[in-house]
Amino acid sequence: NAGVTQTPKFRILKIGQSMTLQCTQDMNHNYMYWYRQDPGMGLKLIYYSVGAGITDKGEVPNGYNVSRSTTEDFPLRLELAAPSQTSVYFCASSYPEGGSGNTIYFGEGSWLTVV
Amino acid sequence: AQKITQTQPGMFVQEKEAVTLDCTYDTSDPSYGLFWYKQPSSGEMIFLIYQGSYDQQNATEGRYSLNFQKARKSANLVISASQLGDSAMYFCAMRSAFGNEKLTFGTGTRLTIIP
């Protein structure tokens, strides 16, 4: 039972490069989320999705893009990487709130450094 | 808008004592869920406990219980008989059930258990 899988786990990017963080879940969850966590801080929502084809911005969407073409996958794209995007990125998934939605599963995190 | 407030940046507790981590929230939505997560130094997000806004009883999971006071909009986590392995960051989070599916986190409390 894989749960939520994020790749890569670690990555160093140069300023101006682009990359995609992959997130896949095998639990048929409707909801998926991307967060970033800066050192010593809490989690800030970047983007989220309530189903395939539907995405919405969170608190800190600038510099990122997402897509949700399937239920399983929710990739996060970083365009023109900047040092301010150095962070740990977490993907999460769940069922809708209420009913079976009482557990939100997180991936192990992706450590990204922009130099 | 949803907001989660954790007013204790850090706490030190003697091993085997009980500890209460504070969490207050603000929402105008009638139905919502409250979550607590533990983040050890290794970085993963570990789900601890969930409370639905319409649940009649406070949630319990082993040594964890949630002191839910709906009128005060508080959802404090109680850890009984603390152990050295409880040393970690603890995050409170909230998600509404209808039309506002963002999962919003507080800033966290760093708990240190003293032998």
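Name every residue in the stretch B:77-98 that is at the interface with chain A (Cβ under 10 Å from one of its Cβ atoms) and in a loop (DSSP other than H, G, I, E, B), in order of residue number. Show your work before the answer.
Kept after step one, since they are at the interface with chain A (Cβ under 10 Å from one of its Cβ atoms), are these residues of the stretch B:77-98: B:89, B:91-98.
Listed by number, the residues that qualify are B:ALA97, B:PHE98.
Answer yes or no: is there a residue in the stretch B:37-48 that is over 21 Å from A:VAL60 (Cα atoms), assigned to a loop (DSSP other than H, G, I, E, B), of a type in the set (Ser, Thr, Tyr) and within 14 Å of chain A (Cβ to nearest Cβ).
So far as the stretch B:37-48 goes, yes, one or more of its residues are over 21 Å from A:VAL60 (Cα atoms), assigned to a loop (DSSP other than H, G, I, E, B), of a type in the set (Ser, Thr, Tyr) and within 14 Å of chain A (Cβ to nearest Cβ).
State which residue is surrounded by the fewest Cβ atoms within 10 Å (Cβ to Cβ) when the search covers only the stretch B:34-70 and only residues that are among the aromatic types (Phe, Trp, Tyr) and over 20 Å from B:GLY10 (Cβ atoms). Can you show your working first?
Residues of the stretch B:34-70 that are among the aromatic types (Phe, Trp, Tyr), as a first pass: B:35-37, B:47, B:50, B:54, B:64, B:68.
With over 20 Å from B:GLY10 (Cβ atoms) added as a condition, the list becomes B:35, B:47, B:50, B:54, B:68.
Numbers: B:PHE35: 24, B:PHE47: 16, B:TYR50: 19, B:TYR54: 12, B:PHE68: 20.
Looking at residues that are among the aromatic types (Phe, Trp, Tyr) and over 20 Å from B:GLY10 (Cβ atoms), I get B:TYR54.
Pick from the stretch A:78-98 the residues that are closer than 18 Å to B:LYS102 by Cβ and in a loop (DSSP other than H, G, I, E, B): which of them is modelled with the lowest pLDDT?
Step one: filter the stretch A:78-98 for residues closer than 18 Å to B:LYS102 by Cβ, giving A:89-98.
Retained after the next criterion (residues that are in a loop (DSSP other than H, G, I, E, B)): A:95-98.
Working: A:TYR95: 81, A:PRO96: 75, A:GLU97: 70, A:GLY98: 67.
Out of the qualifying residues, it is A:GLY98.
Can you tell me which residues in the stretch B:14-33 are crowded, with 18+ Cβ neighbours inside 10 Å, assigned to a strand (DSSP E or B) and at pLDDT 95 or above?
Of the stretch B:14-33, the ones crowded, with 18+ Cβ neighbours inside 10 Å are B:19, B:21, B:23, B:25, B:27, B:32-33.
If we keep only those that are assigned to a strand (DSSP E or B) as well, we get B:19, B:21, B:25, B:32-33.
Those that are crowded, with 18+ Cβ neighbours inside 10 Å, assigned to a strand (DSSP E or B) and at pLDDT 95 or above: B:VAL19, B:LEU21, B:TYR25.
Listed here are the residues, each with its yes/no results for (1) at pLDDT below 95; (2) among the aliphatic types (A, V, I, L, M); (3) touching a Pro at 6+ places or on another chain (Cβ under 9 Å); (4) within 27 Å of A:GLN6 (Cα to Cα).
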| site | (1), (2), (3), (4) |
| --- | --- |
| B:GLN57 | yes, no, no, no |
| B:GLN69 | no, no, no, no |
| B:ALA75 | no, yes, no, no |
| B:ILE79 | no, yes, no, no |
| B:SER82 | no, no, no, no |
| B:MET94 | yes, yes, no, yes |
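Might you let me know whether the stretch A:100-114 holds any residue that is within 12 Å of the chain's Cα centre (by Cα), free of Cβ contacts under 8 Å to residues at least 60 places away in the same chain and either within 14 Å of another protein chain (Cβ to nearest Cβ) or surrounded by fewer than 16 Cβ atoms within 10 Å (Cβ to Cβ) (or both)?
no
Hey, among A:ASN62, A:ASN30, which residue is of a type in the set (S, T, N, Q) and modelled with pLDDT under 95? Reasoning before the result, please.
Values: A:ASN62 fails: modelled with pLDDT under 95.
Residue meeting the stated conditions: A:ASN30.
The values are calculated or read from the model by the stated rules, or taken from the named source; none is laboratory data. As the structure is a prediction and not an experimental result, all values here were calculated from the model. No Cβ is skipped: glycine too gets one built from the backbone with ideal geometry, and neighbour counts run over all protein chains shown.
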